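The values are calculated or read from the model by the stated rules, or taken from the named source; none is laboratory data. Please read all numbers here as calculations on a predicted model, not as lab measurements. Virtual Cβ from ideal backbone geometry, glycine too; neighbours counted across all protein chains shown. The protein model used for the area step is the full one, side chains on, heavy atoms only, and it has no ligands, DNA or RNA in it. Shrake-Rupley method; radii C 1.70, N 1.55, O 1.52, S 1.80 Å.
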Amino acid sequence: MTHTESVSARLPLTSDLDLVRARQHVRQMTAELGFSLVEQTKLVTAASELARNALVHGGGGRMECAEVTDGGVRGLRLVFSDDGPGIADLDQALSDGYTSGEGLGMGLPGARRLVHEFSVDSARGRGTTVTVTSWVARPPRPREGS
Amino acid sequence: MTGEAAPPPDGYVPVLRLGGILLVTLQGDLYDSTAERLRQDIGRTVSDDAVTGVVIDLSGVEIVDSFMGRVLSDIAAMTRLLAAQTVVAGMRPAVAITLVELGLTLPGLRTALSTEEAMNLLGAEVANLPRTAGARRERP
Ligand SMILES: Nc1ncnc2c1ncn2[C@@H]1O[C@H](COP(=O)(O)OP(=O)(O)OP(=O)(O)O)[C@@H](O)[C@H]1O
Ligand SMILES: [Mg+2]
């Protein structure tokens, strides 16, 4: 399946402030793309989880955003990457409630549920890259001319 | 649409004291450090003063992630230990839907549709508590 990409942005994830900026950037892009309010909120929340993981567990990283299209449907792809310790056991990390720190262990599995496509590339000592994509739903038939 | 003001660098969360109830109004996008500090501030205030309830107004909050969820749960657990109640008020529907999908159940957190409802909820319960000797409550 061919996706075309455009309008890329790359944001650092190295501080508290960067998390706020990343959320605001995703909010703005999803709004511009025409995501519903609920879908916007889901993607911003997923981005917040993944950005914080890159910061807290990965020792800092970056978020890349790209508009994608597939057969006329538009979407947003977010790539979170870091050069941290990586994830040794992916299945464990993706299960609800597992945390190696003092979190709730809901960030990674929760983010997976909040987006349409989700993939993790990681191994011990190799850093972590999480890629998520959500698509703009076909809007419901408008009720009256607007 | 008016430009959204960037949060001040050190964060600012208005906390209002109304009788025995703390009304905390969260707005916009909170820094993790601000949320952390809020948890400490509320803990201190509830233990220092005779606070019986905490109302957290979330109507101005656009997302609650697992970090913020944990802060809210912690505040509820802490206030419970100090014999007070926490009610979260005015959560936006999109936020609530997202929280469910994220898998956050927010144990121990009670919710109300509005701050008014939350205050009533706490007021009613406070009124039903056996009063300690000397404590008096004027009825309007
Ligand atoms: N970028 C990363 N680099 C290294 N390890 C990671 C990364 N992301 C997640 N992990 C590992 O996966 C675990 C689960 O992540 P998840 O986000 O679900 O929970 P958490 O971050 O511990 O808590 P929270 O519920 O607050 O997000 C983490 O505890 C950590 O061990
Ligand atoms: Mg996490």
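Among the residues of region B:98-114, how many are open to solvent by less than 80 Å² (accessible area, probe 1.4 Å) and in contact with a helix residue (DSSP H, G or I) (Cβ under 8 Å, 6 or more places away or on another chain)?
The initial filter retains those residues of region B:98-114 that are open to solvent by less than 80 Å² (accessible area, probe 1.4 Å), namely B:98-99, B:101-104, B:106, B:108-110, B:112, B:114.
Among the residues that remain, those that are also in contact with a helix residue (DSSP H, G or I) (Cβ under 8 Å, 6 or more places away or on another chain) are: B:98-99, B:101-104, B:106, B:108-110, B:112.
Residues that pass the stated criteria total 11.
Got a number for residues in region B:35-68 being away from ligand 2 (no atom under 16 Å from the Cβ), without any contact (Cβ under 8 Å) to a residue 40 or more places away in the chain, among the β-branched types (Val, Ile, Thr) and surrounded by 21 or more Cβ atoms within 10 Å (Cβ to Cβ)?
4
Collect the residues in region A:79-116 that are of a type in the set (A, V, I, L, M, F, W, C), within 11 Å of chain B (Cβ to nearest Cβ) and part of a loop (DSSP other than H, G, I, E, B), keeping them in residue-number order.
Once the filter is applied, which keeps residues that are of a type in the set (A, V, I, L, M, F, W, C), within 11 Å of chain B (Cβ to nearest Cβ) and part of a loop (DSSP other than H, G, I, E, B), region A:79-116 yields A:Leu104, A:Met106, A:Val115.
Considering only region A:24-74, state which residues are among the charged types (D, E, K, R) and open to solvent by 10 Å² or more (accessible area, probe 1.4 Å).
Scanning region A:24-74 gives A:Arg27, A:Glu32, A:Glu39, A:Lys42, A:Arg52, A:Arg62, A:Glu64, A:Glu67, A:Asp70, A:Arg74.
Table: residues versus (1) touching a residue at least 40 places away in the same chain (Cβ under 8 Å); (2) more than 10 Å from chain B (Cβ to nearest Cβ); (3) within 14 Å of ligand 2 (Cβ to nearest atom); (4) over 14 Å from the mean Cα position of the chain (by Cα).
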{"residue": "A:Asp18", "(1), (2), (3), (4)": "no, yes, no, yes"}
{"residue": "A:Leu33", "(1), (2), (3), (4)": "yes, yes, no, yes"}
{"residue": "A:Glu39", "(1), (2), (3), (4)": "yes, no, no, no"}
{"residue": "A:Lys42", "(1), (2), (3), (4)": "yes, no, no, no"}
{"residue": "A:Ser48", "(1), (2), (3), (4)": "no, no, yes, no"}
{"residue": "A:Ala54", "(1), (2), (3), (4)": "yes, yes, yes, no"}
{"residue": "A:Gly60", "(1), (2), (3), (4)": "yes, yes, no, yes"}
{"residue": "A:Cys65", "(1), (2), (3), (4)": "yes, yes, no, no"}
